[in-house]
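Notes follow once the structure below has been shown.
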Amino acid sequence: MVELTDAEYEAAVERGRIAQQTEPRAAAARYDKRNSRIVVDLTNGCTFAFPPHMAQGLETATDKELATVEILGAGYGLHWEELDVDLSVPGLLAGIFGTKAYMARHAGQATSPAKAAAARKNGCKGGRPRKTVNG
């Protein structure tokens with residue numbers, strides 16, 4: 001076991017105090033059934049909300065299951081015991097709703113009028129060109 005000097009200990013305590021005051025942490029969390037959103041009140045006074053279908057493990061959860069959200073780790077995590085789902089509050093705020101593999105599977109699935117118009121225009125030209133093998 002590594003022993004800390006008094007100065008190292010005091011510096012670590014100070015870093016922890018600063019982190020508690022500045023890093024986003026959950027003060028409260030709930031499921032808003034009417035708007036179908038997980039709502040997280042942060043310790044800095046801000047509120048963040050997201051649709052549960054975007055988050056890994058919550059995609060098919062019932063309203064009753066979603067309502068059982070708990071706060072973990074001094075506000076750094078959200079937990080659903082029955083679903084065995086844990087999400088990071090800083091990760092959610094950064095737009096990370098699951099593992100890298102989960103996020104990769106869901107990338108590019110967004111639709112917009114511009115995306116639909118581009119797809120129609122490309123379709124009128126015969127679609128995407130076939131790949132050719134160089135060699």
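The values are calculated or read from the model by the stated rules, or taken from the named source; none is laboratory data. Remember, predicted model here, so these are calculated numbers, not experimental data. Cβ placement follows ideal geometry from the backbone for every residue including glycine, while neighbour counts extend to all protein chains displayed.
Filter region 71-85 for residues that are in contact (Cβ under 8 Å) with a residue 12 or more places away in the chain and at negative phi and give the result. Ile71, Leu72, Tyr76, Gly77, Leu78, Trp80, Glu81, Glu82, Leu83, Val85 - these are the residues of region 71-85 that are in contact (Cβ under 8 Å) with a residue 12 or more places away in the chain and at negative phi.
Selection of region 1-37 for residues being charged (D, E, K, R) and touching a helix residue (DSSP H, G or I) at 6+ places or on another chain (Cβ under 8 Å) yields Glu23, Arg25, Lys33, Arg37. If you go through region 31-70 and keep only what is over 19 Å from Ala94 (Cβ atoms), outside any loop (DSSP other than H, G, I, E, B) and either hydrophobic (A, V, I, L, M, F, W, C) or in contact (Cβ under 8 Å) with a residue 12 or more places away in the chain (or both), you end up with Tyr31, Asp32, Asp63, Glu65, Leu66, Glu70.
Name the single residue, out of those in region 11-30 being under 14 Å from Trp80 (Cβ atoms) and in contact (Cβ under 8 Å) with a residue 40 or more places away in the chain, that is surrounded by the most Cβ atoms within 10 Å (Cβ to Cβ). Going through the qualifying residues, I end up with Ala26.
Here is the figure for region 1-40: residues that are of a type in the set (D, E, K, R), modelled with pLDDT of 85 or more and more than 24 Å from the chain's Cα centre (by Cα) total 5. Please determine whether any residue of region 88-108 is part of a loop (DSSP other than H, G, I, E, B) and over 30 Å from Gly16 (Cα atoms). Yes - at least one qualifying residue is present in region 88-108. In summary, Ala114 fulfils each of the numbered conditions (1) part of a loop (DSSP other than H, G, I, E, B); (2) hydrophobic (A, V, I, L, M, F, W, C); (3) out of contact with any strand residue (DSSP E or B) (no Cβ under 9 Å at 6 or more places or on another chain) with the single exception of condition (1).
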